Protein chains: 2
Amino acid sequence: MECTNFQEYLKSNVGFSNSQFRELLPYLELEEIPKGKIIESKVGYDGNLFFVDKGLLRFYSVDVMGKERILQFAPENWFIGDRSNLQAMDANSPLYAYNIDAIEDSIVVRLTKDFGEKISKIAPQFTAINERLLQNHIVHLQHRINLLIGSSVRERYEDFVKMYPNLLQRVPQWMIASYLGVTPEGLSRVRHNIAKGE
Amino acid sequence: MECTNFQEYLKSNVGFSNSQFRELLPYLELEEIPKGKIIESKVGYDGNLFFVDKGLLRFYSVDVMGKERILQFAPENWFIGDRSNLQAMDANSPLYAYNIDAIEDSIVVRLTKDFGEKISKIAPQFTAINERLLQNHIVHLQHRINLLIGSSVRERYEDFVKMYPNLLQRVPQWMIASYLGVTPEGLSRVRHNIAKGE
DNA sequence: AACTGTTCTTAACATAAGTCAATCATTTCC
DNA sequence: GGAAATGATTGACTTATGTTAAGAACAGTT
């Protein structure tokens, strides 16, 4: 099992050389996630962050009624993870269980705390890049909130199509509906209107 | 004009001593923002991040129809800023202009790039703390998205009341409505139902 | 105190989206 | 290949929320 995409990512974004990557290799935990399988979070690792080397994952919550709400899709070269540390998950709010599972057969790199410390030593510029990554994520989430609080389902769907045309092919429609905050029937109707109305 | 809250914040969260803070002082830009005034973003500073030392600010977008959508409130000891760098604001998406203005007379600390570099030298642990801060922000935004895509206005309002009971007193209701993604009339109705239905 | 502009509430009505149920299409699995 | 599960569409009906408009409460100003 290889992680060519991760190596490529580090090369082009962090400026990793092949030898630097070889130095990092022992700290990498690769995991194969077959379609439908939930990634188990390991206790002791804070954060449980993953790099998707191949495939497609989703991050979602399940409420008390069993309804799923999809918070994020992660295709190749994306990071995904439940960032809520245990401290935040106090006894008062066991309202939502967050899960990550595979929409397609996937391969992920598990990024442990050890890994974070190691890579910062090998390539100190990683810290700054990581910060930029987090900032981008925040901008991205804000954009989504902006649409959710002020735009119609149709606008949100059209934004999704523009932003992730490739996911459109790979993600079942009912999951896109969940991501957009609409029922599958609702999204179907919106698509119908777009098709005939234009 | 002083920034006692910021000093206190650095002391308790970053472990700053008074002398360390004195070393940092020359790099701090304090600004007084009277109620209603928009913070001008300065070109050349990337990010325009602020620490709210006193008062209350809001971060919001304005769409083509002139409608405001409130993305964040920031009372004392919170950070607020437009993190979208110019690169992300490309010509294809001049859809939303983001603004920050003051809901109450406020005092903010403008955190420039210079400041970031300086503080990292004075207190290296700041980097890690900053990362945790960003992570928390992400968790927070995810929680909000979770509510927006799957909960009713009533549930969102009750969550807001639980999370920010103090803001309830300080923020006009129509702004809370905007934050929750509902019209002022809609929120008024929901509050009415809560009052009589319980 | 009267004036002006906000903010909040209330009501009647309109509409987008949810729910339920049936049908059809597609994939998966013996 | 057929059966069974899953996914998408469509229609009838319901409901939550938006829209418009009016008035009430309140704040700030002269």
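One table, with the values for the structure above:
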{"read-out": "Tabulated pairs, region B:179-190, first under 19 Å from B:Arg58 (Cβ atoms), second within 6 Å of DNA strand D (Cβ to nearest atom) and of a type outside the set (A, V, I, L, M), C-beta under 9 angstrom, 6+ apart or interchain", "value": "B:Leu180/B:Gly186"}
{"read-out": "Members of region B:142-198 that are more than 18 Å from B:Ile70 (Cβ to Cβ) and touching a helix residue (DSSP H, G or I) at 6+ places or on another chain (Cβ under 6 Å)", "value": "B:Arg154"}
{"read-out": "Residues being in contact (Cβ under 8 Å) with a residue 24 or more places away in the chain and open to solvent by less than 50 Å² (accessible area, probe 1.4 Å) - total across region B:138-170", "value": "6"}
{"read-out": "Count of residues meeting criterion [near DNA strand D (Cβ under 8 Å from one of its atoms), open to solvent by 70 Å² or more (accessible area, probe 1.4 Å) and within 20 Å of the chain's Cα centre (by Cα)] in region B:171-193", "value": "0"}
{"read-out": "Any helices (runs of 4 or more DSSP H) falling wholly within region A:155-198 and containing at least 1 residues that are among the small types (Gly, Ala, Ser) and away from DNA strand C (no atom under 12 Å from the Cβ)", "value": "A:184-197"}
{"read-out": "Pair list, Cβ under 6 Å, 6 or more apart: region A:66-86 residue free of Cβ contacts under 8 Å to residues at least 24 places away in the same chain, other residue open to solvent by 30 Å² or more (accessible area, probe 1.4 Å)", "value": "A:Ser84/B:Val139"}
{"read-out": "Positions within region A:98-135 being more than 13 Å from the chain's Cα centre (by Cα) and free of Cβ contacts under 8 Å to residues at least 40 places away in the same chain, in sequence order", "value": "A:Gly116, A:Glu117, A:Ser120, A:Lys121, A:Pro124, A:Thr127, A:Ala128, A:Asn130, A:Glu131, A:Arg132, A:Gln135"}
{"read-out": "Selected residue [within 8 Å of chain A (Cβ to nearest Cβ) and touching a His at 6+ places or on another chain (Cβ under 8 Å)] from B:Ile138, B:Ile145", "value": "B:Ile138"}
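The values are calculated or read from the model by the stated rules, or taken from the named source; none is laboratory data. Owing to the predicted nature of the structure, the values given are computational and were not obtained by experimental measurement. Positions of Cβ are backbone-derived with ideal geometry, glycine not excepted, and every protein chain shown enters the neighbour counts. Calculation scope for accessible area: heavy atoms of the full protein, side chains included, ligands and nucleic acids excluded. Shrake-Rupley method; radii C 1.70, N 1.55, O 1.52, S 1.80 Å.
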